[in-house]
1. Give the shape of the protein assembly as shown as rounded, prolate or oblate, defined through the alpha-carbon gyration tensor: a ≥ b ≥ c are the square roots of its eigenvalues, a/c under 1.5 means rounded, and otherwise the shape is prolate if a/b is larger than b/c and oblate if not.
2. Mind running the shape call on segment A:66-106? Use the C-alpha gyration tensor, a ≥ b ≥ c as the square roots of the eigenvalues: rounded below 1.5 for a/c, prolate if a/b tops b/c, oblate otherwise.
3. Exposure proxy check: A:ASP63, B:ASP58 ranked by fewest other beta carbons within 10 Å?
4. Each residue of segment A:74-90 in turn: what ³J(HN,Hα) in whole Hz from Karplus with 6.51, -1.76, 1.60 and θ = phi - 60°, glycine and Pro shown as x?
5. Placing +1 on the Cβ of each Lys and Arg and -1 on the Cβ of each Asp and Glu in segment A:1-80, which of A:TYR35, A:VAL19, A:LEU77 has its Cα farthest towards the positive end of the resulting dipole?
6. Can you sort B:ARG37, A:ARG109, A:ARG15 by how many other beta carbons sit within 10 Å, fewest first?
7. Provide the net charge surrounding A:GLN37, with neighbours chosen by a C-beta distance below 12 Å and charges set as Lys +1, Arg +1, Asp -1, Glu -1.
8. Could you pull out every one of the lysines with an alpha carbon less than 25 Å from that of B:LYS92, ignoring same-chain neighbours closer than 8 positions?
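Nothing in this text is a laboratory measurement; each read-out follows from the coordinates by a stated rule. All values reported here derive from a predicted model rather than from experimental measurement. So basically every Cβ, Gly included, is an ideal-geometry build from the backbone, and we count neighbours across all protein chains shown.
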Amino acid sequence: DTGVSQDPRHKITKRGQNVTFRCDPISEHNRLYWYRQTLGQGPEFLTYFQNEAQLEKSRLLSDRFSAERPKGSFSTLEIQRTEQGDSAMYLCASSLGNRDTQYFGPGTRLTVL
Amino acid sequence: QKEVEQNSGPLSVPEGAIASLNCTYSDRGSQSFFWYRQYSGKSPELIMFIYSNGDKEDGRFTAQLNKASQYVSLLIRDSQPSDSATYLCAVKGSQGGSEKLVFGKGTKLTVNP
């Protein structure tokens with residue numbers, strides 16, 4: 001399977017802990033996106049990379065959130081000092097070049113207790 | 001006014017009928033429009049994209065775009081129980097070269113056997 005992969009698929013943590021998620025995009029896709037989705041809502045954009053450069057960040061991405069894509073391949077999203085409001089599905093998507101179509105990975109479901 | 005609006009449903013149709021899903025958007029400069037299908041607990045799956053006014057057909061699916069009315073729709077012909085899912089409308093905005101997709105809340109479709 002050469003689709004977008006995400007790890008872990010589920011994460012349960014206690015409030016105040018740090019968590020890190022990984023996303024591997026479709027091979028050769030140079031654009032990578034992170035979204036967050038809560039129950040009953042559509043995905044909300046968090047941030048976007050073109051190769052290793054982080055080109056766009058949402059205001060939703062507070063100081064506790066940081067994302068990296070150091071070699072222009074996989075990306076990590078870290079949440080520090082988690083809060084119960086961070087509980088959501090974190091989705092990664094990738095796209096190729098200047099094509100608009102974004103393909104989503106399976107997501108990481110975060111539960112903060 | 002929300003950027004992308006969809007009727008939340010639920011929309012219920014009998015097997016074999018045509019399901020019609022609607023979406024309006026506020027950014028008049030938007031150029032790219034997408035429909036994703038999302039099964040419960042799963043990530044969004046791309047169904048269709050459309051860039052030009054008019055209709056675009058792919059199998060049982062037809063996307064319709066009217067930029068003057070800022071309206072995009074998805075028709076599903078010969079609906080099957082396996083089409084039961086939430087359908088997300090997404091729009092790529094035009095502001096400042098943003099690459100993010102803005103999603104509606106989704107419309108839940110149930111196809112009854």
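1. Details: a/c = 1.84, a/b = 1.46, b/c = 1.26.
It is prolate, given that a/c is not under 1.5 and a/b is the larger ratio.
2. Working: a/c = 3.45, a/b = 1.66, b/c = 2.07.
Cα axes put segment A:66-106 in the oblate bin.
3. Details: A:ASP63 7, B:ASP58 11.
In order of increasing Cβ crowding within 10 Å: A:ASP63, B:ASP58.
4. 6, 10, 10, 10, 10, 10, 9, 6, 4, 10, 4, x, 7, 4, 4, 9, 9
5. Towards the positive end, the residue furthest out is A:VAL19.
6. Details: B:ARG37 21, A:ARG109 16, A:ARG15 12.
Least to most surrounded, the residues fall as A:ARG15, A:ARG109, B:ARG37.
7. +3
8. A:LYS57, B:LYS2, B:LYS42, B:LYS56, B:LYS67, B:LYS100, B:LYS105, B:LYS108
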